[in-house]
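The values are calculated or read from the model by the stated rules, or taken from the named source; none is laboratory data. Since the model is a prediction, treat every value here as computed from it, not as a measurement. As a convention, Cβ positions derive from the backbone with ideal geometry for all residues, glycine included, and neighbour counts pool all protein chains shown. Heavy atoms of the whole protein, side chains included, go into the accessibility calculation; ligands, DNA and RNA do not. Shrake-Rupley method; radii C 1.70, N 1.55, O 1.52, S 1.80 Å.
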Amino acid sequence: MLTLTFSTGVVDAVGYLGLDRVFTANMTGNVVILGMALTGAEDLPVVGPVLALLTFLAGAAAVGRVLRRAGKGWTTASTVVFALVGAGLAALAGVVAALGDAVPVEPGGTPPAGALVVTALLGLLMGAQAAAARRLAVKDVTTVVVTSTLTGLAADSRLAGGTGEGWRRRLGAVLLILAGAAAGAALLRWHISAGLAVAAAITLLAALLGHLRAHARRHEAARARGGSPA
């Protein structure tokens, strides 16, 4: 989950800097941008954030419905979802590379249809990832936002009279999404497709490692019961 948090930072940097200030994972940012744009603030996008919001919801709803039938923890369905997200990011990297001068979109300019399609599909993929991560319920690691993680880090800290439990995981999530955004911005200097390709590779790796770890745990549990793994 922490690895996927890093890749989310990369994807949001690509969206914000390369697709006319659109967040495809952090929906709070899109809502804020839309609120400012709808009240007359100049040079703020409307179509892109709306598309990202709608497709994010669609992706989350679809995966939520699929995983509702799956068991608890990391299942084969979880692996399939994360693998499809990674494959989708890889495909979009190729699409973006083929768009040529249409991306990155200049701030304040009118995004071409191709860029809007990429925005919509990124929102769909990030919604799917967020729903799958939510199903796994790793505390304080949603892979797409860190506001609640920061709140928990501060509110449960020893400074606030708490125990400080889980501070390493919380701090790691914040630092990794920060590092991912920095990496995405740096890769954008080469080409917008580079960030998507890196995010795709990371997501596919996370899907593989998660699947192998889950399989190993099921095998260990089956051996402890004296049976064979499912």
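Some points to look at:
- Full-extension gain in nm, residue 43 to residue 101, via 0.36 nm per residue minus C-alpha separation: 18.8 nm
- Accessible surface of the stretch 7-47 [probe 1.4 Å, protein heavy atoms]: carbon and sulfur percent: 64
- The stretch 3-80-the stretch 134-156 distance, computed between alpha-carbon centres (Å): 17
- Once the Cα-Cα distance is subtracted from the 0.36 nm per residue extended length, the residue 168 to residue 32 segment shows a gain of 46.0 nm.
- Sites residue 147 and residue 208, calculated FRET efficiency, Cβ-Cβ separation with R0 25 Å, nearest 0.05: 0.25
- Subtracting the Cα-Cα distance of residue 159 and residue 117 from their residue separation scaled by 0.36 nm leaves 10.5 nm.
- C-alpha long axis of helix 167-188 to longest principal axis of the chain, angle in °: 40
- Among 42, 165, the order of accessible area from largest down is 42, 165, computed with a 1.4 Å probe on protein heavy atoms.
- In Hz, Karplus ³J(HN,Hα) per residue of the stretch 83-100 (6.51, -1.76, 1.60; θ = phi - 60°; x = Gly, Pro): 5, 5, 4, x, 5, x, 5, 5, 5, 5, 4, x, 4, 5, 4, 7, 6, x
- Counting only alpha carbon atoms, the long axis of helix 192-225 and the longest principal axis of the chain meet at about 10°.
- Distance between modelled label sites at residue 69 and residue 110, nm, 7 Å Cα→Cβ extension: 4.5
- For the stretch 40-177, the solvent-accessible area of protein heavy atoms averages 52 Å² per residue (probe radius 1.4 Å; ligands and nucleic acids excluded).
- Taking the stretch 23-135 and dividing mean pair separation by its residue count, relative contact order in percent (alpha carbons under 8 Å, at least six apart): 43
- Between 0 and 90°, nearest 10: helix 113-136 axis offset from the chain longest Cα axis: 20
- Cα shape, the stretch 81-230, gyration tensor, a/c 1.5 rule: oblate
- Three-way shape call for the stretch 15-89 based on the alpha-carbon gyration tensor, with the a/c threshold at 1.5: prolate
- Mean Cα-pair separation over length for the chain, i.e. relative contact order, pairs under 8 Å, 6 or more apart, %: 36
- Neighbour cut-off at most 10 other Cβ (10 Å), DSSP loop, trypsin sites (Lys or Arg not before Pro), the stretch 109-203: 189
- Of the trypsin sites (Lys or Arg not before Pro) found in the stretch 9-110, those in coil by DSSP whose Cβ has at most 13 other Cβ atoms within 10 Å are 68, 69, 72.
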